[in-house]
Amino acid sequence: MPTEAKIQAVTELAEKLSRASIAIATDFSGLSVNEITSLRRYLRSAGVEYKVVKNRIASIAAEKAGLEAFKEILEGASGIVIGYDEPVAAAKAVNEFLKESNAEMKIRKGILDGLLISESQVTALAALPGKDQLISKLLGQMNAPISGLVNVLSGPTRSLAIVLQRRAEQLGASN
């Protein structure tokens with residue numbers, strides 16, 4: 001018979017998983033309590049959550065949230081990185097923490113929009129630029145032809161203005 005605390009834990013995790021855009025499983029067995037605390041603080045500043053879960057509770061919560069593939073990322077001691085907004089931000093935050101702290105944590109697998117992704121795919125996702133950067137690059141690429149067209153069309157007018165200016169200077173100098 002499940003206890004009230006376990007039922008609450010399953011319900012809470014299921015709700016978080018159903019809202020998540022990405023969930024990344026990690027093996028935190030090499031981390032101290034202080035390192036886990038600093039990991040949580042670091043991820044929280046990036047808008048990402050870190051939750052240490054029991055595999056059985058996580059499995060039931062995944063089933064309740066409709067994420068059958070989530071069960072495949074659970075093995076051993078599992079800590080779950082949960083990102084709600086931009087998936088790249090969660091992957092970047094975990095990757096940056098690992099680089100900065102030299103922690104003994106390992107990224108296992110992840111779930112991105114309900115699909116299973118490998119450790120290498122999580123790392124590749126972390127290498128992508130953020131959504132804002134991609135949008136600004138796209139707008140820059142869209143703006144480049146227009147800017148080029150404006151320069152080409154304004155060229156003859158600019159040249160005529162320069163010629164008229166020089167002629168006016170010549171006439172002003174001869175008087």
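The values are calculated or read from the model by the stated rules, or taken from the named source; none is laboratory data. Small disclaimer: the values here were computed from a predicted structure and weren't measured. Every residue, glycine among them, receives a Cβ derived from its backbone with ideal geometry; neighbour counts consider all protein chains shown.
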Scan the range 110-119 and give yes if some residue there is of a type outside the set (A, V, I, L, M) and free of Cβ contacts under 8 Å to residues at least 24 places away in the same chain, otherwise no.
-> yes
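I'd like the full set of residues that are surrounded by 23 or more Cβ atoms within 10 Å (Cβ to Cβ) and not in a strand (DSSP E or B), limited to the range 20-35. Write out each step before concluding.
Step one: filter the range 20-35 for residues surrounded by 23 or more Cβ atoms within 10 Å (Cβ to Cβ), giving 20, 22-26.
Across the range 20-35, the qualifying residue is only 20.
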Is there a residue in the range 61-74 that is assigned by TED's automatic domain parsing to the domain that holds residue 124, more than 28 Å from residue 131 (Cβ to Cβ) and in contact (Cβ under 8 Å) with a residue 40 or more places away in the chain?
-> yes
Consider residue 99 carefully, then state whether it is over 14 Å from residue 22 (Cα atoms) and assigned by TED's automatic domain parsing to the domain that holds residue 32.
-> yes
State the number of residues belonging to the range 128-175 that are small (Gly, Ala, Ser) and either touching a residue at least 12 places away in the same chain (Cβ under 8 Å) or in contact with a Phe, Trp or Tyr (Cβ under 9 Å, 6 or more places away or on another chain) (or both).
-> 1
Which one is surrounded by the most Cβ atoms within 10 Å (Cβ to Cβ) among residues in the range 63-85 that are at pLDDT below 85 and of a type in the set (A, V, I, L, M)?
-> 73
Residues being modelled with pLDDT of 85 or more and in a helix (DSSP H, G or I) - total across the range 36-56 = 11
How many residues are of a type in the set (Lys, Arg) and either within 17 Å of the chain's Cα centre (by Cα) or part of a strand (DSSP E or B) (or both) when one looks only at the range 4-19?
-> 1
How many residues are surrounded by 10 or more Cβ atoms within 10 Å (Cβ to Cβ) and modelled with pLDDT of 80 or more if we restrict to the range 130-150?
-> 14
